[in-house]
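A short worksheet on the structure shown next.
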Amino acid sequence: MTLINLILSLVLLLLVAALLYFRMSGREIDKPSEERVYTVDAMTAFVKQALHERTSSNLYDLGLSEEEFRRRKSKRLELKKALRGCTSGDLRDKAYITQVLADLLIRQYGLGESNINRVIPFDDPYELTPQDQFEILLFLYKKRYRYDALSELIRKFDLDRPKLGIEDGKTESYRITVEEIHEIYKKEARRLTLDDKIQIVAQRIYQQYKGFSVVDEIRDMRIDGVSGGVSGLPPSVWEGEWELDANGLLQEVPKSHDSVWIFYKGKSIHLPFLSFGSEQELRRVCQNIYKHNLPGQLSEATGYKVNEMADGSRVVVLRPRFSESWAFFVRKFDVQSATLEQLIRDPNAELPIGLIAYLVKGARITSITGAQGSGKTTLLMAMVRYIPAIFPIRVQEMSFELHLRKIYKDRNILSFRETETISGQDGLDIQKKTDGTVNILGEVATDPVAAWMIQMAQVASLFTLFTHHAKTFRDLVLSLRNSLLKTGVFTNEHVAEQQVVSVLNFDIHLKRDVDGHRYIERITECVPLEQEMAYPVSYRDADTLDDKMAAFMETATEYFRRSTDRTLYAERNIVEFRDGRYVAVHPISERNRREMEEQMTGSERSAFSAFLTAHWRDTGGY
């Protein structure tokens, strides 16, 4: 009897030791596969718990050898770092976490060929949702085209063409419909391997756990941007006091969390087949997508945040009460395409390309104007290539968008941005003490920055490049003039405008038409008119009193003309976009030509002279 008791005690001790081992090592004892719930939500909850145990269990209690302890500690630190970085747009961290999730699903959750179709019905196309089909298509295209997958999908099936609106059947808009996704899936669907299916499931779990929901993979693509929460009924209509018994009518009406839009080649395209599913999910994405480098908390008091992500994308997040619903905007800037030859492709493109290059080499103070999405930032990136490498460049931005050091790694470039405690004006003041030769302003958006730009261009730098949202050249001059007046730098409109005109040399105006086609509408030269002219004094030589009075009235009229609406400058379009091609219009003024040649080397001057002669010979210049 004693022997039996001893054996039972030993078995019990072994069971207790095994349970303690599995508990302390963070391993979960596999349950029979029949007890598993093969849904995305259940598997998301599982990976959350598993990763929590991996990152929080006490390694000292495991009795590990020194080498094994160091190895596990290193892997834990790597996992923690990736979990933090993947939410900031770091694609390497995202790939690492997605692979960890796939391993967890295979090794611990028992996901395999026999049960994976219970998560997403890969084997039955008719059971797949439009989101399932879209994500499978994107996965297949990503294997072939990497981050150009979405662009290739849109290009191949002409998905960016305008379609008649749903509301009235008359107004055209850009959207990709459910029917189009179904038809494309029928044509493009391929047999998926088990590894392919696991990667798709792991991505679905990742985007609900750490990613940006249904826009997670879209955000990584090489497109112009993606946004959410910008259409559909805002929560105030279908929540709280507005919620009525008759609200069943609103069930089929798109809400703010059903809003996913992409910005592709200048076109805003709606993806109505994608939805965040709930306002809470949209809110989660908005609260996480801007967190790179800890920019501060988004709250009702600060209802918006502007920041950049780890890959250089600009993100703007808004929340109620500042906006009517939670919303975010991600804008991506393709540094790979930042060359003038890639950006300017219309017939006779060598004309604006050559002129822009010589404007930069000639150290001309140049503005780049145009509406949002017209390509101002990308063109500015490309223009920097022609700044002589010997010149240190200083950049001032609201948020880091240009990322010039990614493109021009060997240049002397330093960028500044506004913060909650450092204004754009303070940043420009500091720039004067950093040995900068060329100043670049990512966007002249506030009156103090505009005023500082004018002063800086006069005394603090060789030349300045900046962007502005003005629609016409006259609007640009008036906007800069008004900024000088508002900030108190000048009190006289005439004098303030004269200062603007004396600084500004050229304006490159970009335009985007309704089809998303981007082009340079005009390149305009600002030619200051001679102001120091003597007043007419012919009344002195008049013989009669009537003649003297008539001549004096001419003098008085000239005085009042100069004091009121005297024209201070002439705007001359050097290049215009006409009938689908670029044409030379007026020649560059002799003054600007001379000053440009002073900044060029001997060979550049010869090439510049030949360029002007070749293109403006027929206009009467050169």
K142 vs (1) closer than 19 Å to Y38 by Cβ; (2) in the same structural domain as I269 (by the TED database); (3) not aliphatic (A, V, I, L, M): all pass except (1)
Condition set crowded, with 21+ Cβ neighbours inside 10 Å and farther than 18 Å from M453 by Cα, scope segment 384-401, selection modelled with the lowest pLDDT: answer is E401
When both residues are 6+ apart or on different chains and their Cβ atoms are under 6 Å apart, which pairs have a first residue that lies in segment 458-473 and is assigned by the TED database to the domain that holds N573, and a second that is of a type in the set (D, E, K, R) and crowded, with 20+ Cβ neighbours inside 10 Å? T467/K376; T467/E443; F473/D507
For segment 31-40, does any single residue satisfy the condition of being exposed (fewer than 14 other Cβ atoms within 10 Å of the Cβ), modelled with pLDDT under 80 and under 19 Å from A202 (Cβ atoms)? yes
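Okay, residues lined up against (1) in a helix (DSSP H, G or I); (2) modelled with pLDDT of 85 or more:
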residue	(1), (2)
M453	yes, no
S461	no, no
T464	no, yes
L484	yes, yes
A496	yes, yes
I508	no, yes
K511	no, yes
V514	no, no
Confirm whether Y408 is touching a strand residue (DSSP E or B) at 6+ places or on another chain (Cβ under 9 Å) and assigned by the TED database to the domain that holds R222. no
Just need a number here: residues in segment 61-99 that are in a loop (DSSP other than H, G, I, E, B) and within 16 Å of D311 (Cα to Cα). 2
Entirely in segment 274-379, the helices (runs of 4 or more DSSP H) that have 2 or more residues that are in contact (Cβ under 8 Å) with a residue 24 or more places away in the chain and under 15 Å from G89 (Cβ atoms): 279-289
The one condition in (1) surrounded by 21 or more Cβ atoms within 10 Å (Cβ to Cβ); (2) under 11 Å from L441 (Cα atoms); (3) not hydrophobic (A, V, I, L, M, F, W, C) that G370 fails to fulfil: (2)
Scan segment 195-204 and give yes if some residue there is assigned by the TED database to the domain that holds F139 and free of Cβ contacts under 8 Å to residues at least 24 places away in the same chain, otherwise no. yes
Going through (1) aliphatic (A, V, I, L, M); (2) within 24 Å of D447 (Cβ to Cβ); (3) out of contact with any Phe, Trp or Tyr (no Cβ under 7 Å at 6 or more places or on another chain) one by one, I365 fails only at (3)
For helices (runs of 4 or more DSSP H) lying entirely in segment 140-211, having 1 or more residues that are buried (at least 18 other Cβ atoms within 10 Å of the Cβ) and in contact with a Ser or Thr (Cβ under 8 Å, 6 or more places away or on another chain) picks out 194-209
Which members of segment 430-450 meet the condition of being surrounded by 15 or more Cβ atoms within 10 Å (Cβ to Cβ) and more than 26 Å from the chain's Cα centre (by Cα)? K432, G436, T437
Say we look at segment 100-112 and pick out the residues that are part of a helix (DSSP H, G or I) and in contact (Cβ under 8 Å) with a residue 12 or more places away in the chain; which of these is surrounded by the most Cβ atoms within 10 Å (Cβ to Cβ)? L101
Looking at segment 207-218, is at least one residue in contact (Cβ under 8 Å) with a residue 12 or more places away in the chain and farther than 18 Å from S259 by Cα? yes
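The values are calculated or read from the model by the stated rules, or taken from the named source; none is laboratory data. What you see is a predicted model, and the numbers here were worked out from it, not measured in a lab. A quick note on method: Cβ atoms are made from the backbone with ideal geometry, for glycine too, and the neighbour counts reach across all protein chains shown.
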